[in-house]
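Each remark here refers to the structure printed beneath this line.
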Amino acid sequence: MNILKVFGWIALFLFAGSLQAKKIEIIDIRCENQECPMGVQTLKPTFSWKLLGDARNLTQVGYRILVSDNEDLLKKDIGNIWDSGRCNSEISINILFGGKKLLSTARYYWKVQVWDNQGVQSKWSEIKSFQMGLMKQEDWAPARWIAMESVSPKDVVYPGFQLAGNKVDYLEKEARMPQFRKPFQVETKKIQSATVFISGLGHFELSLNGKKVGDHFLDPGWSKYDKSSLYVTFDVTDQLLSGENVLGVRLGNGFLHVPRDSTRYRKLISTFSFPKMICKVHITYADGTTNDINSDHSWKVTQSPITFSSIYGARIMMPLWNKGGGIRQILMIFHG
């Protein structure tokens, strides 16, 4: 009798354990290997996730991905941009998007559900988002490249090469870096999202209402500037104010232009152009209306306190350059 009781308890324990094992959780879901990427530059982004469960030898045997342009729809399990349906596959890394065409600057929401080899269907994962970048050159319009000065074609030097001396007077005088300023108005209604797309060559630092945007340094990455340039995307939704706002951009040379000063060390000589920038701020309001702020002739520019790239002259700081009031210098439009 006692033996039967022991076996009964063992059977009950194993049964309870088997019930407990039938749990599966989806964690660490990512698009393009990031949690919530911005500036996605492909029409076929990839999706990945990990599984967490108590059972041994747990594997995925199927998945279903939903993508929507409306988070409320996705909460109702409606993927109006892509519903993959159940796909019988063990793969959970770099699943290619297969839905409707993705639009520049648009924000999308997604989630995933899986089935395991024990017949368990998971709950839906948490919802994550991704935002598209500016997919074509035309998407930047009407934003334009702007600069404080342009380089004469005869002084353009690329690719860079090693050379001692070779002073060029007017190129030396332009060692001072530019800073740009743009006041703009935000309507007094709820903002759904606000995104900055910006390329500042050779390097830039962006501020909004006097505060640095992001935690990056030495943006953007280097490239062969006569062929291409990189841009960076920032979410500034929480930094915008109702009424007047001010964008500020400071530029540095980087490898875009190496000043030809024989008194300073340099590894090479190169001049693609003087520092320049292009910027688009895309604001979407909760009522569906949008507004763009683009770099153009309305931006103001002056010399910054940077007396030489990465060397600051604090004696001539301008505390109001990126706030209300401040500089009013006419800007030159850079063509090309």
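Pop a pseudo-label 7 angstrom from the Cα along the beta-carbon direction at both Lys227 and Lys136 and give the gap in nm to one decimal.
That separation, rounded to one decimal, is 2.4 nm.
Using 1/(1 + (r/R0)^6) with R0 = 51 angstrom and r between the beta carbons of Gln303 and Lys123, what's the FRET efficiency to the nearest 0.05?
So, using R0 = 51 Å, E works out to roughly 0.30.
Considering only the other residues whose Cβ falls under 9 Å of the Cβ of Leu51, what net charge follows from Lys and Arg at +1 and Asp and Glu at -1?
With Lys, Arg at +1 and Asp, Glu at -1, the neighbours total -1.
Let's test the formula: R0 of 25 Å, r as the Cβ-Cβ distance of Arg86 and Glu25. What FRET efficiency results, to the nearest 0.05?
For R0 = 25 Å, the calculated efficiency reads 0.85.
Over 28 Å between Cα atoms: which of Lys44/Lys190; Lys23/Lys76; Lys75/Lys190; Lys44/Lys276 fall into that group?
Violating the 28 Å Cα-Cα cut-off are Lys44/Lys190; Lys44/Lys276.
Would you kindly state how much longer the chain becomes between Leu241 and Lys211 on full extension, computed as 0.36 nm times their sequence separation minus their alpha carbon distance, in nm to one decimal?
Full-extension gain reported as 9.6 nm.
Okay, which of the range 45-59 sit inside 14 Å, backbone N to the point 7 Å along the Cα-Cβ direction of Ile93?
Answer for this model: 47-51.
Quick check: at a probe of 1.4 Å, how many percent of the accessible area of the range 180-220 sits on carbon and sulfur atoms?
The value for the range 180-220 is 51 percent carbon and sulfur by accessible area.
Leaving ligands, DNA and RNA out of it, rank Met277, Met148 by accessible area with a 1.4 Å probe, largest first.
Highest to lowest solvent-accessible surface, that is Met148, Met277.
Among the lysines, select those whose C-alpha is under 16 Å from the C-alpha of Lys280, and discard any that sit fewer than 8 residues away in the same chain.
Within the straight-line cut-off, Lys280 pairs with Lys136, Lys182, Lys300.
Whole-Hz ³J(HN,Hα) for each residue in the range 139-156, computed from phi via Karplus 6.51 cos²θ - 1.76 cosθ + 1.60 with θ = phi - 60°, x for glycine and proline: what do you get?
5, 6, 4, x, 4, 10, 5, 10, 8, 7, 9, 10, 9, 4, x, 6, 9, 6
The values are calculated or read from the model by the stated rules, or taken from the named source; none is laboratory data. What you see is a predicted model; the values in this text were computed from it and never measured. Every residue, glycine as well, gets a Cβ built from its backbone with ideal geometry; the counts of neighbours run over all protein chains shown. SASA here: full protein model, heavy atoms, side chains in, ligands and nucleic acids out. Shrake-Rupley method; radii C 1.70, N 1.55, O 1.52, S 1.80 Å.
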